[in-house]
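Only one structure is covered here, and it is reproduced in the block below.
The values are calculated or read from the model by the stated rules, or taken from the named source; none is laboratory data. No experiment lies behind these values; they were computed from the predicted model shown. Methodologically, a virtual Cβ is constructed for each residue, glycine included, from the backbone with ideal geometry; neighbour enumeration extends over all protein chains shown. For accessibility, only protein heavy atoms count, side chains too; no ligands or nucleic acids. Shrake-Rupley method; radii C 1.70, N 1.55, O 1.52, S 1.80 Å.
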Amino acid sequence: MDPKRMEQLEQRIAVLEKEMNVLKAQVESVLQGGQEAQKVPRTQERKEIIASEKKGKAIQFKTREGQEKAVSPSVQQKESGSIDWEHVIGRVWLPRIFIFVLLLGLVWGFTIAAAMGILTEPVRILMGFAGSGLLVWLGEKQIKKQRESLGKVLLSGAISLLILTTFAMHVLYDMVPGVAAFILNVGWIVLGLQLAKRHKSEVIAILTAFAGYLVPFLIEGHEEAAALFTAYETCFYTLLLLFAVKQGYKRLFYTASVLWHVVVMLYVATLLWSTDIDKIMLSAAFGAVIQHILIGYFGFKGKFQKIKVKVLPLVFTSFAITTLWAFEGFQFDLSYDGLETLTPFQVHVKTAVLLDLYLLVSAGGYGFLAYKGLKKQEHQQTAVGLAISTLSAALLVYQLVDDDAFRAIIYLIKGTLAIYLGYRFKTTLQKYIGWVVYAIGVFTTMAYQEIREILSLETLCWFVLISSLYVLYRLVNHHHATRKVLRDFMLGVNVLTHLIFLSSITGVIIENWSISMQMMTLSFAWALYAVAGVVFGVVKGKKNIRLVGMILLLLTLCKIVLVDLQFVTIIVRTVLFIGLGTIGLLVSRLFYVKK
């Protein structure tokens, strides 16, 4: 037997003997009426034994001959935390790397033999299957001899060689039809998963997954069967998902999930210039949706507990990637002739109705899941449902609403509501998505909604922005009462927005006035707004608002001195200084009243 295993057994025997002695002594003390006197030291002795094992200290025990022997736990290495690179490289990575080197050499060897006419086609196929059988035998033998890493890699190489041999038999030599080759390859994949289950090897399962995803590429005519290609890859992913969850293979699950997208993307890339690209993308998008449904079902049903996967980031990331596929696959291009005879609404229905339906179902479905999670007090389900429902609804608005002003208003309202829900149900992801949606609404308002008339849709858009900013300011004040910097930042954003809106409205009113009157009126508008802020701060006892009002009043003075004086006449200059000076003194008087 391996000396290391002998050491482990000796250690466990030592621990068990000590614990048996402790228990025996406790029983004797109870029988003798001395339970209280013996309980503390015996319990302490037992704890010391267990603590010594956990800390990796050598445990002393007596052999039958009465000699003391020290045994150190195998879980501790000579140097705590050190990595045995010789073991990692020699036993783990060398077999994995050089099995591919071996397979590549075998392929080249067969190529040379075929070119020289040494081996006939049937002999080459037989040699391929025989080589696979030899690798299986060697792999099993190595595992029995406790060389598990090497044996598992040999078994994985056997599966790869079986698939390559089947590929040669079908594509290169035309010995079997495509259906038979496909069935054989599926059989080899099942064999690989069976070997992984038998030897409890996640490595074999992962290497089998790589081979299984490539099977359709090894069949002639796969370019003409996009739906079948996607169906196979999705079914294979489902098989791997079930296998990973049942066996508790976390890395296999992530590998299978990522490989699905990589393989389908490669397939689409090879057919990018095909005339049927819309159908190819459609099948790929449907496959992505099915994958996301599977991940969501397993996540919300608690099936991922065995592999310890975090449901919230997993389901949200899956939805984000699926939505990218949906935007590419659920929208179609129309010819120029077809566009001429259709209204914009008809064009949208013909080109994007599937995408709209996907976003609508996602918004409603995940909203319902969030509601159910709230009823069951499932925080993860509520957080995922709210986040995805919010994102889906925002994307649906982008699809259906063409007018920038209406879209900005909806985003401002929706973003505010999303942020409120994030604070209400204490979900960080929801708050982040809400801030992103709100930021898009703010950018759209400030960049594209220039006010040209007072009674206009643009003015309404700015009113919604100002109102929503006030709501957010109250939210931040309530939930971040101790974070003064954040509260002051939100106050500054509100004041800056008010100034921009006030300047826009004033500009519309004085549009046809002289430059001197425009400058004077805008400065007085700023000054009056500053005074209003100071008065409000005095009445409500808000020191930060009073301070902002005073700063704004000084800013108005700087504007007059640095900008207005260059454009206004001496009369307007006089009025400006008298008016602003009076306002400043009155504001100062307010603070004496406050005191």
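Okay, here's what the table says:
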item	result
Calculated FRET value between V171 and L499, using beta carbons and R₀ = 60 Å, to 0.05	0.25
Cβ-defined net charge surrounding I505, 15 Å radius [Lys, Arg +1; Asp, Glu -1]	-3
Accessible area (Å², per residue) of the stretch 419-500, counting only protein heavy atoms and a probe of 1.4 Å	57 Å²
Diffusion constant of the stretch 380-423 at 20 °C, which comes from Stokes-Einstein with the Kirkwood Cα-pair radius and 1.002 mPa s, µm²/s	195 µm²/s
Reciprocal of mean inverse Cα separation for the stretch 306-454 (Kirkwood radius, Å)	16.9 Å
Surface accessible to a 1.4 Å probe, D276 within the full protein complex, Å²	80 Å²
Whether the stretch 150-295 is rounded, prolate or oblate, judged on the alpha carbon gyration tensor where a/c under 1.5 counts as rounded	oblate
Hz values of 3J(HN,Hα) by residue in the stretch 129-135 - Karplus curve (6.51, -1.76, 1.60), Gly and Pro given as x	5, 5, x, 5, x, 5, 5
When each of K200/K375; K310/K414; K376/K431 is checked by Cα-Cα distance, pairs over 32 Å	K200/K375
Accessible surface ranking that places the most exposed of S362, S504, S514 first, with a 1.4 angstrom probe	S514, S504, S362
Per residue accessible area in Å² of the stretch 118-260, where ligands, DNA and RNA are left out and the probe is 1.4 Å	46 Å²
M550, M519, ranked by accessible area, largest first (probe 1.4 Å)	M550, M519
Reference-scaled alpha-carbon Rg (2.2 N^0.38 Å with N residues) for the stretch 525-576	1.33
Quotient of Cα Rg and 2.2 N^0.38 Å for the stretch 134-173, N being how many residues it contains	1.38
Coil-residue trypsin sites (Lys or Arg not before Pro) of the stretch 460-524, DSSP, other Cβ within 10 Å capped at 16	R483
Coil-residue trypsin sites (Lys or Arg not before Pro) of the stretch 152-250, DSSP, other Cβ within 10 Å capped at 16	K200
Net +/- balance of residues flanking L486 in space, Cβ distance below 15 Å, scoring K and R +1, D and E -1	+4
³J(HN,Hα), Karplus 6.51/-1.76/1.60, whole Hz, each residue of the stretch 463-480, x for Gly, Pro	4, 5, 4, 5, 5, 5, 5, 5, 4, 5, 4, 5, 4, 5, 4, 6, 9, 10
